[in-house]
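The values are calculated or read from the model by the stated rules, or taken from the named source; none is laboratory data. Everything quoted here is computed from the prediction, not taken from an experiment. Every residue, glycine among them, receives a Cβ derived from its backbone with ideal geometry; neighbour counts consider all protein chains shown. To get the accessible areas, we keep the full protein, side chains included, count just its heavy atoms, and leave off ligands, DNA and RNA. Shrake-Rupley method; radii C 1.70, N 1.55, O 1.52, S 1.80 Å.
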Protein chains: 2
Amino acid sequence: MAYIKNPALIEQNSFEIIQGIIDEIRPSYVFKSEIEEKIIKRAIHTTADFEYLDILKISEQAVNAISEAIKNGATLYTDTQMALSGINKTKLKAFGCKSACYISEESVVKLAKEKEMTRSMAAVEIAAKEPGEKIFVIGNAPTALYKIIELTQKGELLPAAIVGVPVGFVGAAESKETLAQTNIPYILSQGRKGGSNLAAAIINAVLYAL
Amino acid sequence: MAYIKNPALIEQNSFEIIQGIIDEIRPSYVFKSEIEEKIIKRAIHTTADFEYLDILKISEQAVNAISEAIKNGATLYTDTQMALSGINKTKLKAFGCKSACYISEESVVKLAKEKEMTRSMAAVEIAAKEPGEKIFVIGNAPTALYKIIELTQKGELLPAAIVGVPVGFVGAAESKETLAQTNIPYILSQGRKGGSNLAAAIINAVLYAL
């Protein structure tokens, strides 16, 4: 079995193949900017799904907002351990950033029971009370996204940016439509698709471009 | 903002919506068995991608092999922390199973450097030397899949089963084609698609059916 074993070469080849496929299936496709290209291609790299050419929406301020917050040592809050696992923590730490997922914390479980809400929502409530700049990275729970928007509209939270790509059939698409109507800088996936792997890949794409 | 906040209800609704969409887009689609239905629907639940109706291949012995190994307290080895994070460890522990991902272990980093191989391959070599029944859960690295097959063919490893769903553009599809030609019980995704999230979802589907 002959196969490429060099990780850097595998990644380089992958991105060349992705561009080749785009040239083939969407010859007139134009990326809006270099960084959008990097983000969208990394989304495709992670999912092998070229639908991300069309459904990934990056608000005008989003990349700047995420980049600046990272440079300021923001904390990244994810809704799943899976998204947290996928983020390049070495890169993140180099900027003095922290990352956290509170979904399994005792305080979150308790709060969720008390308030009859999802643990994802309780985790947002607890994160909102912490000091410092915040980037939310949501790949799974529409309820987390709704809670962030709700607290922001109440003035109880000021997220630097949201990567909002929950996947699924109940509330995912709607929660992202709601996010798109806010003033919060966002990167989102329209419709049902998304995921924790995608959420992490998007953050990594911005990190690698810094 | 009115939205469903009950996790059990969200999941139940999701699976009903998935069936509704299948009825609509693939009215003549028939699942081969109840467990295949559960696995494929959970794959769709995790990805919102109905292509998994066609590209998920489950070898005849796979579900039995995974189920029996879990009941025997097998260890699940993943190629990424992300896949490990996504597996329901509470369920797994109830069967006396362990789970591990060695990708960032010092011994793996060292072995990968020495042998000029990927860390994913080195992690398989180290896992292969451990005692006990083994299920491999591969969502990312074709090189891990190739290494498992190579060691198995050499008689140095006897995996109970493989969930082999690496995603990507370099070697992913080919590695899964190679897996399909072995006698190892497998669940795989044909072509480029797959991922750590999918790998975890497949294991969880089998776990929830036990």
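At 0.36 nm per residue, minus the direct Cα-Cα distance, what do B:Glu16 and B:Lys93 gain on full extension? Give it in nm, one decimal, please. Intermediate results must be reported in sequence, preceding the final value.
On the way: separation 77, 0.36 × 77 = 27.72 nm, distance 2.93 nm.
Full extension of this stretch gives 24.8 nm more.
Shown for chain B are the DSSP H helices of 15 Å or more along their axis, judged by Cα atoms, with a mean Kyte-Doolittle hydropathy of at least -0.5: B:7-25, B:142-153, B:196-209.
Of A:Lys134/B:Lys5; A:Lys134/B:Lys41; A:Lys98/A:Lys147, which ones are farther than 30 Å apart at the Cα? Don't jump to the answer; show the numbers that get you there.
Details: A:Lys134/B:Lys5 24 Å; A:Lys134/B:Lys41 35 Å; A:Lys98/A:Lys147 21 Å.
Beyond 30 Å: A:Lys134/B:Lys41.
If you take the Cα centroid of the range A:9-24 and the Cα centroid of the range A:159-210, the two points sit 24 Å apart. Working from Cα pairs under 8 Å separated by at least six residues, relative contact order for the range B:31-209 is 29 percent.
For the range A:94-169, GluC sites (Glu not before Pro) are listed when DSSP marks them as loop and at most 16 other Cβ atoms sit within 10 Å of their Cβ; the list is A:Glu105, A:Glu116, A:Glu156. Exposure check, 1.4 Å probe, all protein chains in place: A:Arg26 carries approximately 80 Å² of accessible surface.
A cut-off under 14 angstrom between Cβ atoms defines the neighbours of A:Leu198, and their net charge, with Lys, Arg +1 and Asp, Glu -1, is +3.
Taking label positions 7 Å along the Cα-Cβ direction at both B:Lys113 and A:Leu9, the computed distance is 2.0 nm, reported to one decimal. Magnitude of the charge dipole for chain A, about its Cα centre and with charges confined to Cβ atoms of Lys, Arg (+1) and Asp, Glu (-1), is about 460 debye. Note on B:Met117: accessible area is roughly 20 Å² with a 1.4 Å probe, heavy atoms of protein only. In the range B:90-120, burial by the other protein chains removes 40 Å² or more of accessible area from B:Thr118, compared with the chain on its own (1.4 Å probe, ligands and nucleic acids ignored).
All other residues whose Cβ lies under 15 angstrom from that of A:Ser33 are scored, Lys and Arg at +1 and Asp and Glu at -1, for a net of +1.
With both residues required to sit in chain A, DSSP beta bridges show an antiparallel share near 20%.
Taking θ as phi - 60° and the Karplus parameters 6.51, -1.76 and 1.60, the scalar couplings of the range B:130-135 work out to 7, x, x, 6, 10, 10 Hz in sequence order, x denoting glycine and proline.
Using a 1.4 Å probe over protein heavy atoms, the accessible area lost on pairing B with A, summed over both chains, comes to approximately 3200 Å².
If the only charges are +1 at each Lys and Arg Cβ and -1 at each Asp and Glu Cβ, what is the size of the charge dipole of the protein assembly as shown around the Cα centre, to the nearest 20 debye? Mind showing how you got there, number by number?
Values: 46 positive and 48 negative charges, 189 e Å.
For this selection, approximately 900 debye.
Dimensions of the range B:31-209 along the principal axes, based on C-alpha atoms and rounded to the nearest Å, stand at 46, 36, 28, largest first.
What is the percent carbon and sulfur in the accessible area of the protein assembly as shown, measuring with a 1.4 Å probe over the protein chains and ignoring ligands? Please list the in-between numbers first.
On the way: 8780 of 18470 Å².
Here carbon and sulfur together make up 48 percent of the probe-accessible area.
Of the residues A:Phe169, A:Ala122, A:Ile103, the one whose Cα sits farthest towards the positive end of the charge dipole of the range A:31-209 is A:Ile103 (charges of +1 on Lys and Arg Cβ, -1 on Asp and Glu Cβ, taken about the Cα centre). Per-residue SASA remark: A:Glu177, around 110 Å² accessible (1.4 Å probe; ligands, DNA and RNA not included). Between B:Val30 and B:Leu158, the simple spin-label model (points 7 angstrom out along Cα→Cβ) gives 3.7 nm.
Which whole-number value in Å² is the accessible area per residue of the range A:17-101, probe 1.4 Å? The partial results should precede the final answer.
Details: 3950 Å² over 85 residues.
On a per-residue basis, the range A:17-101 sits at 46 Å².
Each Lys or Arg adds one and each Asp or Glu subtracts one; over the other residues with Cβ under 12 Å from the Cβ of B:Glu60, this totals +1.
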